[in-house]
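The structure appears right after this line, and notes come after that.
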Amino acid sequence: VANRTLLAPKNSPPDPKWEFPRSRLTIEQVLGEGEFGRVLRAKAQDIGGWSGQTTVAVKTLKEDASASELADLLSEYQLLKEAQHPNVIRLLGACTTSGGPIYLIIEFAEFGSLRNYLRRSRHLESEGRVPCSTLLLSSSPSNIKPLDQQCIDPIVNYTITPRDILSFAWQISKGMAYLADIKLVHRDLAARNVLLAAGKVCKISDFGLTRDVYEDDAYLKRSKGRVPVKWMAPESLADHVYTSKSDVWSFGVLLWELVTLGASPYPGVDVHNLYNLLKAGYRMEKPANCSYQLYKLMVSCWHEEAGMRPSFKELICHWERMLEDAV
Ligand code: ACK
């Protein structure tokens, strides 16, 4: 028997612009599960302006989810309605009527999460199956092998070139600059929360913790269990202050994840010691295969003073310059 909290609250009328009939949705398989959420792959009949069957992803809650997780999902629903950008995951519809679980229907990203994609590409490397591997971002574009030297499909889909890394950073910065513009603070930016769609297009996702920014540009967090400590800025850890500049800090950690092909940040550091280490000036060191130029940008995102960190708009300019140089 489904937990009542998973069902749509009876007193909230469905939004006619987004409500999608459950009868036109066919659930196919579970793509993944978090602590309280579940992502399913499904086929939707005539959705998002397309006629016929479209593969979609469906976000829902697990049976043991609480009222606060339901609130997060509903808040994600509201925020996704507002966000329209090629680098932000697109909402296609929702099933919120009584008689079933709440479903958020979002676009399907064929490569899944960026973190898993990065890790998969690493496995191919270690198996010696990918000829265009080493991420010597510090050197010239000569380490980007021409297409004909890459492996054939499907492996080629998982190859990562230095240019891809720059492109991912650029795309994520564009999506984040857009969110900052519409006054949304993500609060959980990490490689696990970016999806990779066809054509290696990055889509910022997982708005469960996202909030509208208050007038003073800071958000005071509700007390909650899930805290992505290793991605959090010192002011968020100490005072629960979240701004677009604390998102920039998280983006710096995401850059480190990109360059290390999905490694876990601050290896060996206990989360309980992290705040004191950061306050004492400790930062992650430059990964071996990372250029000084890229490391400098990463470290600039980790400036203790939020105001001294670059904005996402400034970061976009840096990526564009670096991408030009890498041609
Ligand atoms: O790396 P993955 O296969 O990609 O594992 C996670 C899992 O669900 C739990 O989040 C996948 N996932 C989430 N949203 C989507 C989506 N919109 N399209 C495709 N896969 C998704 C994610």
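Just so it is clear, none of the values below were taken in a lab; they were calculated from the coordinates. Fair warning: this is a prediction, and the values are worked out from it, not measured in the lab. Here the Cβ is made from the backbone with ideal geometry for all residues, glycine too, and neighbour counts use every protein chain on show.
A viscosity of 1.306 mPa s and a temperature of 10 °C, combined with the Kirkwood radius over Cα pairs in Stokes-Einstein, give a translational diffusion coefficient for the stretch 37-113 of 120 µm²/s.
Counted residue by residue at 0.36 nm each, then reduced by the alpha carbon distance between them, the extension gain from E314 to W50 reaches 91.4 nm.
Within 10 Å of each residue's Cβ, count the other Cβ atoms and sort H272, H318, H240 from fewest upward. Please list the in-between numbers first.
On the way: H272 8, H318 19, H240 16.
Ascending Cβ contact count within 10 Å gives the list H272, H240, H318.
Put in order of Cβ neighbour count within 10 Å, fewest first, the listed residues M232, M284, M308 become M308, M284, M232.
Going by how many other Cβ atoms sit within 10 Å of their own, how do L258, L104 line up, fewest first?
Exposure proxy ranking, most exposed first: L104, L258.
Checking the table K286/K313; K183/K279; K81/K203; K59/K81; K81/K183 against a 22 Å threshold on Cα-Cα, which pairs fail?
Numbers: K286/K313 24 Å; K183/K279 28 Å; K81/K203 15 Å; K59/K81 14 Å; K81/K183 14 Å.
Cα-Cα > 22 Å for K286/K313; K183/K279; rest within.
Diffusion coefficient of the stretch 269-327 by Stokes-Einstein, Kirkwood radius over Cα pairs, 37 °C, 0.692 mPa s: 249 µm²/s.
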